[in-house]
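What follows is a single structure, written as structure tokens, with notes after it.
The values are calculated or read from the model by the stated rules, or taken from the named source; none is laboratory data. This is a predicted model, so every value here is computed, not measured. Glycine gets a Cβ as well: all are built from the backbone with ideal geometry, and neighbour counts include every protein chain shown.
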Amino acid sequence: MTTLLKVNGLKVAYGGIQAVKGASFEVREGELVSLIGANGAGKTTTLKAITGLQPVGAGDIEFLGRSVKGQGSWELVKQGLVMVPEGRGTFTRMSITENLLMGAFVRNDKEINADIEKVFGIFPRLKERRNQLAGTMSGGEQQMLAMGRALMARPKVLLLDEPSMGLSPIMVDKIFEVVADIAKQGVTILLVEQNASRALQLANRGYVMESGEVTMSGEAAALLNDPKVRAAYLGE
Ligand code: ATP
């Protein structure tokens, strides 16, 4: 299996505070990989560094076999490294359809409308509300929209930062269902989640992050059965 994304000894600091202290992990083609860990472990910071939103202190990030360290977000999206940020970041004063079109801003092909229909196929709720302003949608609907918008960029690796955060239990179920669906369609996914149990149930492999370091890794099923993971992250 080809490695699409490789993070090697990544260090990221905010001023004097080391938030990520040498994290290494990789995501291979077709995989769903979950990165789990407590609040403040450095998961979001890691995603921001990968996507060019936070400067890399040390280490390297390889995407499709080449170092992309220091590249800007736009450049990375164009190459297929696309993030759905925590808090979603939809364009609140634009309609659903306009938001989806924004997701395709890096593209210059004739299949954009066909892809919007595909996104509507995954998220029928978005289709029903295609002309509604994004800002008037519920949290779960906005999460769907943010994921749909990211798919419009035709990601080679899709990075999802806490998609279940702040959603009702029914919406959480729905969002995890959709993540599984997107993965089944062949999109490679790195899923960052505090909901360790759900994230590992969906994943092929997982990494555990603690205080800025990757402390455990393995097949998701093995991590789910690991007594340390169960005690620390699955409430046992
Ligand atoms: P959460 O699930 O709560 O988002 P996380 O694992 O994603 O947690 P990060 O958000 O990456 O963790 O935070 C890692 C550390 O970096 C924390 O100690 C946090 O306080 C710190 N941090 C994050 N953003 C900033 C910032 N902009 N300025 C200073 N420190 C920050």
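Between A199, A203, A183, A150, which is buried (at least 22 other Cβ atoms within 10 Å of the Cβ), closer than 24 Å to N113 by Cα and out of contact with any Phe, Trp or Tyr (no Cβ under 6 Å at 6 or more places or on another chain)? First the steps, then the outcome.
Numbers: A199 fails: closer than 24 Å to N113 by Cα; A203 fails: closer than 24 Å to N113 by Cα; A183 fails: buried (at least 22 other Cβ atoms within 10 Å of the Cβ).
So the residue among A199, A203, A183, A150 that is buried (at least 22 other Cβ atoms within 10 Å of the Cβ), closer than 24 Å to N113 by Cα and out of contact with any Phe, Trp or Tyr (no Cβ under 6 Å at 6 or more places or on another chain) is A150.
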> Tally time: how many residues in the range 109-135 are closer than 22 Å to P85 by Cβ and surrounded by fewer than 12 Cβ atoms within 10 Å (Cβ to Cβ)?
Replying inline: 1
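Yes or no, residue by residue, for (1) farther than 30 Å from V7 by Cα; (2) modelled with pLDDT of 95 or more; (3) surrounded by 21 or more Cβ atoms within 10 Å (Cβ to Cβ):
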{"site": "K78", "(1), (2), (3)": "no, no, no"}
{"site": "E86", "(1), (2), (3)": "no, no, no"}
{"site": "T97", "(1), (2), (3)": "yes, yes, no"}
{"site": "D161", "(1), (2), (3)": "no, yes, yes"}
> Any idea which of A150, A180 is over 19 Å from L81 (Cβ atoms), touching a helix residue (DSSP H, G or I) at 6+ places or on another chain (Cβ under 7 Å) and in a helix (DSSP H, G or I)?
Replying inline: A180
> Among helices (runs of 4 or more DSSP H) lying entirely in the range 1-105, which contain 1 or more residues that are over 17 Å from the mean Cα position of the chain (by Cα)?
Replying inline: 73-79, 96-103
